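Only one structure is covered here, and it is reproduced in the block below.
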Amino acid sequence: MNERQAPYRGPAAAGRSPEAWRAGLGRFVNVIPHTRELGLEVEEVAPPRVRMRLPWRDALLGDAERGLVHGGVLSMLLDTVCGSAVLCGLPAPEVCPTLDLRVDHYRPAVAGMPIWAEARVLRVTRAMVFTEGTLWQVPDRPIARGIGNFVRLGERNTPEGFAEALFGEADHA
């Protein structure tokens, strides 16, 4: 198996502690308006793995009559948790937009319960990052699984100060 075929064994995680990553990814989800408004919480980061929690709120309903969460909420959650895993799964944080997100729905998410999300980086190449995520409300009963593929834009296309802003080290004066 050569380097291009090898599974991801990272992380370099930019030399940051899991606690620093948890705080940094907390900043990341609070910059995104919809994740901030929905109260998405970063629970645990063990690079290149991330776990988040979406607290219950009525705004998540897609079918109020049956008490079911909208499928778009599940896709958003998988995209966010997989993208967060990408950030901490690279040698240094870089901008990596979603190229493809496949969501397999196993059962509906129901009203009144938070939704947990966990994702991990499976493989990193020079051009791509491959991730896998899972959603659940009850342990060992997945709601959905997602496979997210992200394009690496590299240092040249990542804004200067991106990592410093992520970790709260940028001077915002």
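Here, each number is a calculation from the coordinates, and none is a lab measurement. Here the structure is a predicted model, which is why all the values come from computation and not from measurement. A quick note on method: Cβ atoms are made from the backbone with ideal geometry, for glycine too, and the neighbour counts reach across all protein chains shown.
I'd like to verify a number: residues in the stretch 114-133 that are assigned to a loop (DSSP other than H, G, I, E, B) and either farther than 22 Å from Gly26 by Cβ or of a type in the set (Val, Ile, Thr) (or both), how many?
Number of matching residues: 3.
Please give the number of the condition Arg53 fails out of (1) within 15 Å of the chain's Cα centre (by Cα); (2) over 18 Å from Glu37 (Cα atoms).
With respect to (1) within 15 Å of the chain's Cα centre (by Cα); (2) over 18 Å from Glu37 (Cα atoms), Arg53 is out only on (2).
Per-residue answers, yes or no, for (1) out of contact with any strand residue (DSSP E or B) (no Cβ under 9 Å at 6 or more places or on another chain); (2) over 21 Å from Pro33 (Cα atoms):
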residue: Ser84; (1), (2): no, no
residue: Pro108; (1), (2): no, yes
residue: Ile115; (1), (2): no, no
residue: Arg120; (1), (2): no, yes
residue: Val129; (1), (2): no, yes
residue: Arg141; (1), (2): yes, yes
residue: Asn149; (1), (2): no, yes
residue: Pro159; (1), (2): yes, no
residue: Phe167; (1), (2): yes, no
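Restricting the search to the stretch 78-127, which residues are more than 16 Å from Leu153 (Cβ to Cβ), buried (at least 24 other Cβ atoms within 10 Å of the Cβ) and aliphatic (A, V, I, L, M)?
Listed by number, the residues that qualify are Leu78, Val81, Ala85, Ala109, Ala117, Ala119, Val121.
Please work out which one of (1) in contact (Cβ under 8 Å) with a residue 60 or more places away in the chain; (2) over 19 Å from Leu40 (Cβ atoms); (3) of a type in the set (Gly, Ala, Ser) is the condition Gly146 fails and give its number.
Against the list (1) in contact (Cβ under 8 Å) with a residue 60 or more places away in the chain; (2) over 19 Å from Leu40 (Cβ atoms); (3) of a type in the set (Gly, Ala, Ser), Gly146 comes up short only on (2).
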